[in-house]
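Right, one structure below, let's go through it.
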Amino acid sequence: MQLRTFHAVFGLFLTLLCTNILRAQVPFQDKPYWQEYSIKYYVETPNTTLTGVACDRNGVIQVLSSGGLLHPANGQFLHPGTLLPDQTYRPLTDMKLQAIGAQDQQLVYLSQQAVLSNAWAGKVFVQHQLLKATIFAGTPNFIFLVSDGNALQLVQGGNLLWKGSLPTDEVISVQYQPSANIFWILGKKSLYTLSSVDFKLEKVFDGLGFTAFTLANANKTVIIGTSNGYIELDAVSKKQIGAVNRKLPWTDITTVADVAGKLWFGSTKGAFSLRPDGRFDYYYGERWLPGNQVIDITEGPKKSVLILTTAGLGQLCSKPMTLQDKALFFEEQVRSRHIRNGFNASLDGLKKGNLATGYLSDSDNDGLWTSMYLAGEIFRYAVTKDKDALQNCRESLDGMERLYSINPVPGFPARSFERAGYIKQLADPERWQHSPQPGWDWKSTTSSDEIIGHIFAFGAMAELVDDKNLKSRSITLIDTVMSHILSHDLYLIDFDGKPTMWGKWNPTYVNSFPTNVGDRKLNSSNIIAMLQTAYHFTKKEKYRKKGLELLQKYGYLENLMRPMKVLGQAPENADEHSKHMSDGWNHSDDEMYFVGYWGLYRYAFDDGLKAKYKQAIIDHWEVERPEKDGAWNIFTALTGTKNFDLPEAVWYLQEHPLDLIDWEIMNSQRKDIDMIAPNFRQQTTKVVLPPGERPIQRHNGNTFSFDRTHGNGTSEQSAGDIWLLPYWMGRYLGVISAPIK
């Protein structure tokens with residue numbers, strides 16, 4: 001009997017254990033991955049034409065230009081360098097160099113008289129007879145094929161081994177294939193081979209519009225770039241493999257290269273590389289390149305890729321980083337140049353991305369962006385107990401707290417504040433008011449997205465920070481703003497005695513929207529989250545009473561539980577405000593929902609409501625999944641659901657660029673993305689582009705936006721809300737591990 005009881009209990013224990021394991025959220029193991037970044041070198045000499053780039057085994061990089069040899073100088077990530085005259089080898093400065101290349105990882109040059117090198121003790125000096133030669137390639141025993149576009153010469157030592165030309169074609173590139181002991185010769189409309197043994201010239205392929213080529217796949221294939229795509233040939237049979245590849249980021253190919261086994265293309269609109277899955281990584285704009293007209297691509301030092309453009313040289317580098325390494329990089333970015341009066345601010349007014357030229361700007365959403373950064377630092381402190389994180393929390397709370405005292409309206413938070421005398425220089429100068437505090441001005445018209453951000457951050461601080469002073473102050477701020485809202489019949493009342501445009505949670509306003517208009521659901525969800533948070537920390541019955549009244553009497557539970565698929569444009573007979581508010585999906589609403597879900601779910605009045613809220617959160621997450629937004633996936637994890645697209649959240653965090661400058665970005669011209677029909681959610685493609693290929697944007701932006709065509713390099717965004725919030729929240733929720741080296 002006792003044995004049967006033991007087995008029964010033990011069996012139940014195993015069942016429960018296995019069930020919990022199956023339902024558990026398995027954390028991502030934070031091991032190092034390769035993080036890309038770019039170092040740029042601009043050519044500053046007017047009317048200089050760049051023609052080629054090469055690198056030797058010592059990491060020496062040289063660029064050939066119309067003015068002679070150049071080399072990169074003084075460049076670092078986020079701090080571009082320049083291409084300066086290279087005077088390292090004085091005799092080279094007097095030679096008329098016409099091409100540059102690398103052989104056996106040594107620099108080799110083509111002059112009017114010879115192919116030469118300073119490697120091999122300078123013994124390589126192979127003369128030719130083509131004064132205008134600009135094309136060459138060589139064998140290991142220093143046989144060189146040289147061309148001026150018309151004639152071809154094969155030379156070794158002082159001997160002319162062979163000469164010829166391409167019938168009815170112009171030579172544009174040559175390469176040597178050691179395994180077959182042949183030279184490949186590309187013309188504008190044909191491809192030839194030339195044996196370096198018996199000097200037999202043979203045409204192997206015809207076409208049109210050829211621009212560049214390379215041997216790839218361990219010399220098994222030949223890749224021919226054209227003005228409209230690229231062609232792949234079998235190097236043995238010389239037969240074309242498949243159709244012309246035109247499903248590319250851009251089809252006007254200018255150069256092709258095999259770099260460490262990876263196929264790279266330069267074009268008239270940026271560079272791109274072929275991934276193992278058949279898709280392309282696209283590098284456009286000054287986030288990656290000095291210019292978009294690519295001239296040459298080759299391997300650089302330390303596994304980098306050198307991309308020469310008409311405007312200068314881009315060096316694409318990679319280094320191993322964990323997500324925590326990246327977080328610490330971004331922590332420094334925020335603290336060193338994105339804190340204004342305690343607020344998480346943008347650095348505006350940059351001159352072509354020069355970080356030394358910007359100023360800290362004010363924003364309509366200083367409170368919201370700071371709330372999201374502050375929450376990230378709260379999660380960081382909860383995980384690490386780092387003293388710097390706690391001090392960051394103090395300083396941001398100081399700024400948030402002063403929003404409530406800088407203006408004369410009890411319980412009303414300003415949007416922002418600044419020293420007096422600068423209103424004309426600030427955003428929306430008509431919204432600024434003079435403060436009762438001498439020497440300061442404040443911004444009015446505070447909106448609902450500010451308020452839900454405040455409540456999110458204050459609630460997280462009250463729960464997770466073990467500093468009694470900060471905990472008490474955050475609870476006071478929750479009570480202060482919520483008392484204001486309750487005492488004004490669920491409106492946010494500005495200095496003029498009127499509700500702000502968006503600070504409205506009263507049932508008369510909320511339920512005036514048709515059931516399929518998003519604001520009815522959003523405002524219901526947000527105010528319940530806010531009231532629950534206030535009750536959870538203050539235990540004041542007025543908040544619970546009002547929350548239950550809204551849920552039960554005024555249909556706010558039904559509103560917030562309404563499936564996302566129901567939302568759309570207001571019906572024809574709706575009022576104009578409803579139509580205006582539903583003319584398309586509002587991604588700022590997504591941001592308000594998700595930051596509100598912290599208080600909605602975590603501080604639910606009871607477990608029955610918590611279960612319903614979980615359904616609503618997951619329903620919302622389901623429609624957001626195509627965006628692969630790291631924050632929304634991590635926020636969904638707070639419900640304990642096993643599936644919240646953790647791999648996609650990690651993809652967002654890893655793929656996000658380190659460079660957060662607002663460079664011009666263009667993707668709408670791409671031929672490699674599958675467009676879908678216009679829709680209410682403004683999703684443009686089947687698969688969202690990686691963050692490193694998109695414009696920099698906050699979580700209230702549309703991740704399916706293709707282009708940024710204004711203000712190239714004029715501002716830098718803060719990582720505080722964009723990246724640090726989802727990372728540290730993931731760490732706190734236990735879905736991202738500590739770094740594993």
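The values are calculated or read from the model by the stated rules, or taken from the named source; none is laboratory data. Predicted model, so just to flag it, every value in this text is computed and none were measured. Using ideal geometry, Cβ is built from the backbone for each residue, glycine included, and neighbour counts are taken over all protein chains shown. Areas reflect the complete protein model, heavy atoms only, side chains present, ligands, DNA and RNA absent. Shrake-Rupley method; radii C 1.70, N 1.55, O 1.52, S 1.80 Å.
Points to keep in mind about this one:
- Any hit, region 277-284, residues being on the phi < 0 side of the Ramachandran plot, in contact with a Phe, Trp or Tyr (Cβ under 9 Å, 6 or more places away or on another chain) and surrounded by fewer than 17 Cβ atoms within 10 Å (Cβ to Cβ): no
- Condition check for residue 572: part of a helix (DSSP H, G or I), touching a helix residue (DSSP H, G or I) at 6+ places or on another chain (Cβ under 9 Å), of a type in the set (Asp, Glu) and open to solvent by 40 Å² or more (accessible area, probe 1.4 Å): no
- Note on region 666-688: residues that are aliphatic (A, V, I, L, M), open to solvent by 40 Å² or more (accessible area, probe 1.4 Å) and under 19 Å from the mean Cα position of the chain (by Cα) amount to 2.
- Considered as a group, the residues in region 142-179 that are of a type in the set (S, T, N, Q) and more than 12 Å from residue 192 (Cα to Cα) include one that is farthest from the chain's Cα centre (by Cα), and that residue is 159.
- Among (1) within 27 Å of residue 616 (Cβ to Cβ); (2) aromatic (Phe, Trp, Tyr); (3) within 15 Å of the chain's Cα centre (by Cα); (4) in a loop (DSSP other than H, G, I, E, B) - the single one residue 663 does not satisfy: (1)
- Residue check for residue 103: under 30 Å from residue 741 (Cβ atoms), at pLDDT 95 or above, surrounded by 19 or more Cβ atoms within 10 Å (Cβ to Cβ) and not hydrophobic (A, V, I, L, M, F, W, C): no
- Pair list, Cβ < 9 Å and 6+ apart or interchain, from region 370-387 residues that are within 16 Å of residue 466 (Cβ to Cβ) to residues that are surrounded by fewer than 24 Cβ atoms within 10 Å (Cβ to Cβ) and of a type in the set (Ser, Thr, Tyr): 378/732; 379/732; 380/732; 382/732; 383/732
- When restricted to residues that are surrounded by fewer than 21 Cβ atoms within 10 Å (Cβ to Cβ) and of a type in the set (Val, Ile, Thr), region 58-81 contains 1.
- Residue ID - farthest from the chain's Cα centre (by Cα), chosen from residues in region 689-700 that are crowded, with 20+ Cβ neighbours inside 10 Å and in a loop (DSSP other than H, G, I, E, B): 699
- Given (1) assigned to a strand (DSSP E or B); (2) crowded, with 20+ Cβ neighbours inside 10 Å; (3) of a type in the set (Val, Ile, Thr), index of the condition residue 251 fails: (1)
- Residue match in region 46-57 (condition: in contact with a strand residue (DSSP E or B) (Cβ under 9 Å, 6 or more places away or on another chain), surrounded by fewer than 18 Cβ atoms within 10 Å (Cβ to Cβ) and closer than 18 Å to residue 136 by Cα): yes
- Matching entry among 709, 703 (being in contact (Cβ under 8 Å) with a residue 40 or more places away in the chain, open to solvent by 60 Å² or more (accessible area, probe 1.4 Å) and on the phi < 0 side of the Ramachandran plot): 709
- Here 728, 663 are screened, and the one residue that is touching a residue at least 12 places away in the same chain (Cβ under 8 Å) and under 16 Å from residue 288 (Cα atoms) is 663.
- Residues of region 385-428 satisfying the condition of being of a type in the set (Phe, Trp, Tyr), touching a helix residue (DSSP H, G or I) at 6+ places or on another chain (Cβ under 7 Å) and part of a loop (DSSP other than H, G, I, E, B): 412
- The one condition in (1) open to solvent by 40 Å² or more (accessible area, probe 1.4 Å); (2) closer than 21 Å to residue 449 by Cα that residue 366 fails to fulfil: (1)
- Residue ID - nearest to residue 430 (Cα to Cα), chosen from residues in region 360-384 that are part of a helix (DSSP H, G or I) and in contact with an Asp or Glu (Cβ under 7 Å, 6 or more places away or on another chain): 367
For every residue, the table says whether it meets (1) under 31 Å from the mean Cα position of the chain (by Cα); (2) touching a residue at least 12 places away in the same chain (Cβ under 8 Å); (3) loosely packed, with under 15 Cβ neighbours inside 10 Å; (4) over 19 Å from residue 699 (Cβ atoms).
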| position | (1), (2), (3), (4) |
| --- | --- |
| 552 | no, no, yes, yes |
| 584 | yes, yes, yes, no |
| 593 | yes, yes, no, no |
| 605 | no, yes, no, yes |
